[in-house]
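Beneath this line is the structure, given in structure tokens, with notes to follow.
The values are calculated or read from the model by the stated rules, or taken from the named source; none is laboratory data. Just so you know, these numbers come straight off a predicted model, no measurement behind them. All Cβ positions, glycine included, derive from the backbone under ideal geometry; neighbour counts span all protein chains shown.
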Amino acid sequence: MLHNIIKNIIRKEYIMSEKYCYECGSKLIKKELENEGIISFCPKCNQYHFPMYNVAVSMIVINKETNKLLLIKQYGKPFYILVAGYVNRTEQLEHAVAREIKEETGMNVSSIKFNRTSFYEPSNVLMCNFTAFVENDKDFCVNEEIDDYSWFTYEEAKKYIRENSLAAYFLNAYLDE
Ligand SMILES: [Zn+2]
């Protein structure tokens, strides 16, 4: 058990550093791959290593009936952020958007709009931001992952979202479009 945990931590370090092979631990070299450019390569496994990272979606949820948007508080933290979640392997981004909103708030998304992405280095995650529209808040019922929430006007949301966060960057960029 502990051995596996340590193995997984080492594996993650290897993947994130992109310096060592996560299969055999050998030092990776840089090698030319046709049509792809310079890629990390393990001489022992004779294998190219493409960059590995997680993918997540973050959503500006807008209630079309009231034209207000949803901000939430999570993980015992005192600040407002956007609804977000990891994308499962093999899952489409648009499916992850609807699934996360359904799971966390009970609401069905009626349409989505892709906004922009940003790589978040500390979590090794590519964050993909969308605006997700719901017809109304009839089915609104937050799950235990959400500590607190509020529906804000656009101006209020800009004021209350966590300052200097990725969520604030996405929200401001969308509202300033
Ligand atoms: Zn190797």
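In region 107-114, the count of residues that are of a type outside the set (A, V, I, L, M, F, W, C) and farther than 21 Å from residue 175 by Cα is one or more.
When residues in region 26-52 are screened for being of a type in the set (Gly, Ala, Ser) and modelled with pLDDT under 90, 0 of them pass.
Does residue 95 satisfy being within 16 Å of the ligand (Cβ to nearest atom) and not basic (Lys, Arg)? Here the answer is no, as residue 95 does not meet what is asked. Number of residues in region 94-120 that are assigned to a loop (DSSP other than H, G, I, E, B) and surrounded by 20 or more Cβ atoms within 10 Å (Cβ to Cβ) equals 2.
Residue pairs whose Cβ atoms lie under 6 Å apart, sitting 6 or more positions apart in sequence or on different chains, and linking a residue in region 30-42 that is of a type in the set (S, T, N, Q) to a partner that is modelled with pLDDT under 90 and not in a strand (DSSP E or B), are 40/18.
Scan region 107-131 for residues that are hydrophobic (A, V, I, L, M, F, W, C) and touching a residue at least 60 places away in the same chain (Cβ under 8 Å) and the total you get is 6.
Each row is one residue, and each column tells you yes or no for (1) over 20 Å from residue 163 (Cβ atoms); (2) over 13 Å from the mean Cα position of the chain (by Cα).
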| site | (1), (2) |
| --- | --- |
| 48 | yes, yes |
| 59 | no, no |
| 67 | yes, yes |
| 71 | no, yes |
| 97 | yes, no |
| 102 | yes, yes |
| 116 | no, no |
| 126 | yes, no |
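Among residues of region 132-146 that are not assigned by TED's automatic domain parsing to the domain that holds residue 106, none has a Cβ under 7 angstrom from a residue that is surrounded by 15 or more Cβ atoms within 10 Å (Cβ to Cβ) and of a type in the set (A, V, I, L, M) at a sequence gap of 6+ or on a separate chain.
In region 157-177, the residues that are on the phi < 0 side of the Ramachandran plot and free of Cβ contacts under 8 Å to residues at least 24 places away in the same chain form Cβ pairs under 7 Å with partners that are surrounded by 19 or more Cβ atoms within 10 Å (Cβ to Cβ) and outside any helix (DSSP H, G or I), at six or more places apart or across chains, as follows: 168/161. Taking the listed residues 144, 163, 91, 156, the one that is within 18 Å of residue 68 (Cα to Cα) and outside any strand (DSSP E or B) is 156, with no other qualifying. With respect to the conditions (1) over 18 Å from residue 120 (Cα atoms); (2) assigned by TED's automatic domain parsing to the domain that holds residue 160, residue 37 lacks only one, and its number is (2).
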